[in-house]
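The values are calculated or read from the model by the stated rules, or taken from the named source; none is laboratory data. Everything numeric in this text was worked out from a predicted model, so none of it was measured. Every residue, glycine as well, gets a Cβ built from its backbone with ideal geometry; the counts of neighbours run over all protein chains shown.
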Amino acid sequence: MEVADRLRLTTSPGPGMPPAFEALFRKEYARVVAIAHRVVADADEAEDVAQDVFVSFYRKHPADAHYAAPWLYAAAAHNALNVLRSRERRGKRDAVEAIRRDTQTPDPAQAAETAETRSEVRAALARLPDRSAALLVLRYSGLSYEEIAAALGLRQSSIGTLLRRAEDAFRREVTT
Amino acid sequence: MSDIEDMLSVTEPKVDTERALARLRARVEGERIAPVMRGGAAPHRIGVNIWVRGLAAAATVALVATLLTVSGVAETILTIFEPKQLVAVPITVTDLNGAASFGAYGTLTWTEQPKPYDVPDIRTAARDSGMTVLVPGNLPTGVGTARYGVMNKTTATFTFSADKTQKAAAAQQRTPPPMPANIDGSKLFITGGPAVVAYYDDGTSPAGATGASGASPFAGMPKLIVAQGKPPVVQSDGVTVEQLQSYLLAQPGISPQLAAQIRAIKDPSSTLPVPIPVDMATSKKVTVQGVEGIFVGDSTGLGSAVIWQKDGIVYGVAGTLTEQQVLAVANSLH
């Protein structure tokens, strides 16, 4: 895009949602929720994150942008990590309770234990540098190296190395 | 299953996409959020470009801000706003969407239309803008070469109209306070620019594409933007400012919090408020080029910007870079 075109980026005054945006939403919503859910481990919070991510995109980017999907994935990861960190700041009890709601098992004792474990893992994730945490979240949400590179603005050839470092850092955080 | 996959495992959430879309639609309509469209995608809808919107927004803020200190003395032409410093004003989605746009209060007439255009090199940018164009002394790894654009000096006249305000409010089923008679028909003369914008794309991509693979989240956005321009100046043909102040700050959609923040600006006639959308970005004061500036971080964690004013020019550096990188670029401008 040329400079003059950039400066002419406009907002539409028309009512209703553009069909292209609705198509984008239908195509990507489930994946955006899944990425957020991988981080916050709470389905309701994940859907809230996804809503904010789509609103943010709707406000700032055209629906037919070729970078729409990677933008949404990256924003889902970063916004969810922000939610996770806020939760951690509020204290361990809040963090466990949020995850407890999401833990579907008939045995209350087992549910509590699972929630506790998931909470500790996510506390470790929250302590990682943002890029490392986002790398892990996107990779373990099933994104390819190519998709992760696009989402995080990195070279595809460096993803493997960065991912291994992030995994090592994550293991260290979990065990401390 | 690897140990990390096991640790990060969750129960797959059940998603009702149509219900979620309905929820989003309700929010967008309820908060009157407008979608962004590319200029080329819907040419019949292009009416106001971002420069116009920026100028209008600056003029709106200038209006509200300057009303705080200028006394009601009406002179033939009074410079009521000439910014010499910047201040961050946090705004919310409600503030953004609840307030009427500047156009609802009257008519904006361009005497010199904004016409952004590309120039081949920095020399042309400097010649056309009449400014010394600063360049970064060093660039972060991965930033390519610059392309330049120039925005000409633009001037416009804004004429307040009680009738138009009334109609705009009625269309939105709102009841604003009546416009005082001496505001109705009064004029503001607004000058903005010139400005120069340098776009640096990712060094590994072909010209015009950005991002390591050509599709980063901020692709379509350059890797780095360096902008500089003359700040907007607003003059008045003698509107009574106290009335304008109380009138504008009493409008529906301007939250008490926003009004209080604007009132708190110590020297509004020389302070350019920089709106910071608190749900999308965070801001803090920083020192850049030896003066106070405002650092803004995108809430996605991927974008940063810094804006400052020095020697009568407003500068901005933004990009898909870290805070340290953006500040290093800003401080290296010479």
Quick check on B:Ala146: is it in a helix (DSSP H, G or I) and not acidic (Asp, Glu)?
no
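Listed here are the residues, each with its yes/no results for (1) aliphatic (A, V, I, L, M); (2) over 30 Å from A:Leu152 (Cα atoms); (3) modelled with pLDDT under 80; (4) under 26 Å from the mean Cα position of the chain (by Cα).
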site	(1), (2), (3), (4)
B:Thr175	no, yes, yes, no
B:Asn182	no, yes, yes, no
B:Leu188	yes, yes, no, yes
B:Thr191	no, yes, no, yes
B:Tyr199	no, no, no, yes
B:Thr204	no, no, yes, no
B:Ala207	yes, no, yes, no
B:Gly214	no, no, yes, no
Checked segment B:298-328 for anything farther than 18 Å from B:Pro231 by Cα and at pLDDT 80 or above; matches are B:Ser304, B:Gly319, B:Thr320, B:Leu321, B:Thr322, B:Glu323, B:Gln324, B:Gln325, B:Val326, B:Leu327, B:Ala328
The residue that is surrounded by the fewest Cβ atoms within 10 Å (Cβ to Cβ), considering only those in segment A:159-175 that are more than 9 Å from chain B (Cβ to nearest Cβ) and free of Cβ contacts under 8 Å to residues at least 12 places away in the same chain, is A:Thr175
The one condition A:Glu120 fails out of (1) under 17 Å from the mean Cα position of the chain (by Cα); (2) in contact (Cβ under 8 Å) with a residue 12 or more places away in the chain is (1)
Within segment A:135-158, residues facing chain B (nearest Cβ under 8 Å) and under 13 Å from the mean Cα position of the chain (by Cα) come out as A:Leu136, A:Val137, A:Tyr140, A:Ala151, A:Leu152
Contact list, first residue from segment B:1-24 and polar (S, T, N, Q), second anywhere and surrounded by fewer than 19 Cβ atoms within 10 Å (Cβ to Cβ), beta-carbon distance below 8 Å, six or more apart or interchain, is B:Ser9/B:Met1; B:Thr11/A:Gln104; B:Thr17/A:Arg26; B:Thr17/A:Ala30
Scanning segment B:148-176 for residues that are touching a residue at least 40 places away in the same chain (Cβ under 8 Å) and of a type in the set (A, V, I, L, M), the one surrounded by the most Cβ atoms within 10 Å (Cβ to Cβ) turns out to be B:Val150
Within segment A:35-61, restricting to residues that are surrounded by fewer than 24 Cβ atoms within 10 Å (Cβ to Cβ) and touching a Pro at 6+ places or on another chain (Cβ under 8 Å), the one that is nearest to B:Val10 (Cα to Cα) is A:Ala43
For segment A:25-34 the number of residues that are surrounded by fewer than 24 Cβ atoms within 10 Å (Cβ to Cβ) and without any contact (Cβ under 8 Å) to a residue 60 or more places away in the chain is 6
Filter segment B:262-295 for residues that are at pLDDT 70 or above and within 21 Å of A:Ala77 (Cβ to Cβ); the one that is surrounded by the most Cβ atoms within 10 Å (Cβ to Cβ) is B:Ala281
Exercise for review: Could you tell me whether segment A:169-176 includes any residue that is under 21 Å from A:Ala75 (Cα atoms), not in a loop (DSSP other than H, G, I, E, B) and not aromatic (Phe, Trp, Tyr)?
Suggested key: no
